[in-house]
Amino acid sequence: MSEMNEKLVFDKPESVIDRATHYCPGCHHGIAHRLVGELLDEMNLAEKTLMTTSIGCSVFLYNYLNVDAVEAPHGRAPAVATGVKRARPDHFVFTYQGDGDLASIGMAEIMHAANRGEKMSVVFVNNTVYGMTGGQMAPTTLIGQKTTTSPAGRCQATQGSPIRMSEIIASLGGVAYAARGSLDCVKNIRAAKKHLRKAFECQINGTGFGFVELLSGCPTNWKMTPIQANERIQTEMIPYFPLGVFKDISEEGGIC
Amino acid sequence: MTKQPERIFVKGNEAIARGALAAKCKCFFGYPITPQNDIPEFMSTEMVKAGGDFVQAESEVAAANMLLGAAATGIRSMTSSSSPGMSLKQEAISYMAGSEVPAVIVNMNRGGPGLGDIGPAQGDYYQSTRGGGHGDYRHFTFGPGTVQEAYDLTIRAFDIAFEHRTPVLILGDAILGQMKEPITPWEPENIDEEGGKDWAITGRTGGREKRLIKSLFLAEGELAGQNRHLQAKYDSWVDLAECEQFETEDADLIICAYGSIGRIAKSAVRKFRKEGKKVGLFRPITLYPFPSAELKALAEQGKRFLTIEHNLGQMVDDVRLAIRTISDSEFFPIYPGNLPTPDELEEPILKCLEGK
Ligand SMILES: Cc1ncc(C[n+]2csc(CCOP(=O)(O)OP(=O)(O)O)c2C)c(N)n1
Ligand code: SF4
Ligand SMILES: [Mg+2]
């Protein structure tokens with residue numbers, strides 16, 4: 001086949017920097033990064049983006065996306081991003097946070113940024129563990145799930161129940177869009193990208209706060225192969241964390 | 001466009017808020033706590049009128065992190081609190097020092113530890129001058145003694161913050177915050193409202209290289225390099241140390257005191273001078289950098305020292321460090337919960353003067 005006939009059908013988005021990542025094989029953070037990068041390109045947002053990164057396995061996100069960024073302390077990204085957006089209201093502002101970061105130490109910050117209806121977007125990567133620190137129990141860890149700090153499996157009676165963040169966020173007044181997607185298969189990845197686009201649009205047209213949860217695999221800390229991890233999302237996570245849109249007022253013309 | 005001198009009668013809290021607006025502060029993030037509430041209350045309306053933004057945060061943790069975010073974009077921004085709230089802000093202050101974000105923070109010191117009381121105190125001196133959060137850092141700290149000085153130093157704090165890419169703390173107390181005095185407000189000229197042109201995150205418009213505001217330095221040797229860079233910056237501040245010296249020239253005994261206590265001590269010094277007693281006042285205006293050289297020069301003249309603080313002995317460490325090869329300082333504590341009068345300071349001063 002001559003070179004002339006070859007057609008490039010899949011390429012790296014411009015907003016994603018061409019370099020190896022530090023992620024484990026089968027980790028879904030890379031997929032989440034790519035979806036964000038594709039949308040920054042497609043929506044022509046890269047030059048006006050001010051990203052707030054968080055503390056977790058994705059702490060080096062700022063090395064992978066070609067946008068300006070500020071690094072927030074653990075859990076504080078929604079507060080930091082509030083400051084960024086209030087100071088630079090014409091820019092596109094988003095946070096990228098793990099489940100330990102957002103649903104545990106940063107619970108107050110995410111709830112209040114959402115409730116104030118900050119015009120920002122949140123990408124929430126839920127892998128049911130503290131990935132970076134070595135697989136400890138997270139607020140999203142499923143009942144019975146073994147982690148390094150729940151070696152016998154999470155016990156509801158003493159350790160509480162996994163928190164469904166998308167549903168909680170959807171209940172708050174300032175929220176324009178809240179949805180849960182999954183990164184386990186192509187079909188779900190495509191749906192997840194649609195959620196992200198909707199959330200980004202809510203910020204751009206000033207409708208309100210946009211929140212997208214992404215069920216993600218952490219094969220390393222789940223002690224699984226990447227394929228087993230994908231299966232676990234289907235069989236264990238999605239039944240507890242249902243996929244779908246929990247709130248969408250983008251069609252209704254916004255909130256004050 | 002310097003305004004005609006006009007006198008206004010305001011509390012220290014309001015003077016600081018007005019000073020910030022004069023310095024073109026555009027974002028304020030607050031949380032209620034006595035005795036600083038006048039600052040967020042004033043800002044909630046006046047900041048918005050001035051074309052900026054005000055957020056009542058969900059906590060001091062959040063307020064300080066909002067400050068980090070806003071200031072990272074190069075916009076002049078501020079938060080204020082009092083002692084218990086300051087403990088919560090330390091996380092973000094450490095990050096701001098580590099990622100070199102310029103911002104102004106106000107602490108109207110109240111009694112502690114714990115919930116303490118809501119009265120004046122100087123128990124946060126260590127926290128304010130040693131880097132109150134984790135890691136090896138310092139930040140610039142002003143200790144205004146009058147309402148006018150609070151106004152003036154707030155304006156200066158923004159300049160220092162941007163010139164040196166550092167958080168700057170204004171350390172007052174419940175006396176300064178709540179006391180009303182006439183002041184002459186003024187408007188600084190030629191403020192660069194886009195002060196972070198070469199570092200702030202403002203978007204990659206025009207295809208410029210991306211910028212990162214971060215304090216994580218994992219690669220081998222990187223953090224040591226950052227620590228060295230930060231320390232060199234802190235060392236360079238030594239020339240920016242400021243103090244007030246009152247009747248020190250021929251004094252035998254120098255009272256060292258800062259902030260409101262410096263002012264009360266000054267009244268006592270005035271009274272002793274009327275009686276012909278050779279007492280002077282050394283009042284640090286910058287608490288970090290501490291005006292050590294000026295103090296040492298006084299020690300070299302053979303003077304004796306008495307440090308008076310509204311705590312159990314914190315700044316006295318800095319006094320002793322400054323004069324350690326030559327002399328020493330006596331210490332007199334005023335316990336939090338009391339509002340000291342000049343008369344109460346006379347006895348300890350007299351004792352020292354007479355060498356008892
Ligand atoms: C104040 C503070 N506490 C604890 C830590 C340690 N820490 C780093 S990452 C992390 C958890 C990350 O888990 P998650 O947010 O779920 O992200 P993941 O790594 O799973 O993507 C913790 C606890 C920290 N950096 N700062
Ligand atoms: S530990 Fe888990 S979340 Fe972190 S990089 Fe590895 S697979 Fe991904
Ligand atoms: Mg996680």
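The values are calculated or read from the model by the stated rules, or taken from the named source; none is laboratory data. Here the structure is a predicted model, which is why all the values come from computation and not from measurement. Don't worry about glycine lacking a Cβ; one is built from the backbone with ideal geometry, like all the others, and counts go over all protein chains shown. Side chains are part of the model used for accessible areas, which takes the heavy atoms of the whole protein and leaves out ligands, DNA and RNA. Shrake-Rupley method; radii C 1.70, N 1.55, O 1.52, S 1.80 Å.
Pick out, from the range A:25-107, the helices (runs of 4 or more DSSP H) lying fully within it that include 1 or more residues that are in contact with a strand residue (DSSP E or B) (Cβ under 8 Å, 6 or more places away or on another chain), within 12 Å of chain B (Cβ to nearest Cβ) and of a type in the set (S, T, Y). Before you say what the answer is, go through the steps one by one.
Numbers: elements: A:29-42, A:61-64, A:77-87.
Correct list: A:61-64, A:77-87.
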Q.
Return the residues of the range A:20-56 that are more than 16 Å from ligand 2 (Cβ to nearest atom) and open to solvent by 90 Å² or more (accessible area, probe 1.4 Å); say none if nothing qualifies.
A. A:E42, A:N44
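Out of the range B:179-208, which residues are under 30 Å from A:E71 (Cβ atoms), open to solvent by 30 Å² or more (accessible area, probe 1.4 Å), in a loop (DSSP other than H, G, I, E, B) and without any contact (Cβ under 8 Å) to a residue 24 or more places away in the chain? Outline the logic, then answer.
Looking only at the range B:179-208, we keep the residues that are under 30 Å from A:E71 (Cβ atoms), and these are B:191-208.
Of the ones still in play, those that are also open to solvent by 30 Å² or more (accessible area, probe 1.4 Å) are B:191-194, B:197-198, B:202, B:204-208.
After this cut, where a residue has to be in a loop (DSSP other than H, G, I, E, B) as well, the list is B:191-194, B:197-198, B:202, B:204, B:208.
Within the range B:179-208, B:D198, B:R204, B:R208 meet the criteria.
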(Q) Tell me whether the range A:2-19 contains one or more residues that are under 17 Å from the mean Cα position of the chain (by Cα), open to solvent by 10 Å² or more (accessible area, probe 1.4 Å) and within 15 Å of ligand 1 (Cβ to nearest atom). (A) no
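Evaluate the following for B:G111: is it open to solvent by 10 Å² or more (accessible area, probe 1.4 Å), in contact with a strand residue (DSSP E or B) (Cβ under 8 Å, 6 or more places away or on another chain), more than 14 Å from chain A (Cβ to nearest Cβ) and away from ligand 2 (no atom under 16 Å from the Cβ)?
So B:G111 does not fit the description; no.
Quick check on this structure: which one of B:V55, B:V48 is open to solvent by 10 Å² or more (accessible area, probe 1.4 Å) and either among the charged types (D, E, K, R) or within 14 Å of another protein chain (Cβ to nearest Cβ) (or both)?
Numbers: B:V55 fails: open to solvent by 10 Å² or more (accessible area, probe 1.4 Å).
Result of the check over B:V55, B:V48: B:V48.
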Q. Among the numbered criteria (1) in contact (Cβ under 8 Å) with a residue 40 or more places away in the chain; (2) under 15 Å from the mean Cα position of the chain (by Cα), which single criterion is violated by A:F60?
A. (1)
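Please work out if A:F124 is within 14 Å of ligand 3 (Cβ to nearest atom), modelled with pLDDT of 95 or more and in contact with a helix residue (DSSP H, G or I) (Cβ under 9 Å, 6 or more places away or on another chain).
yes
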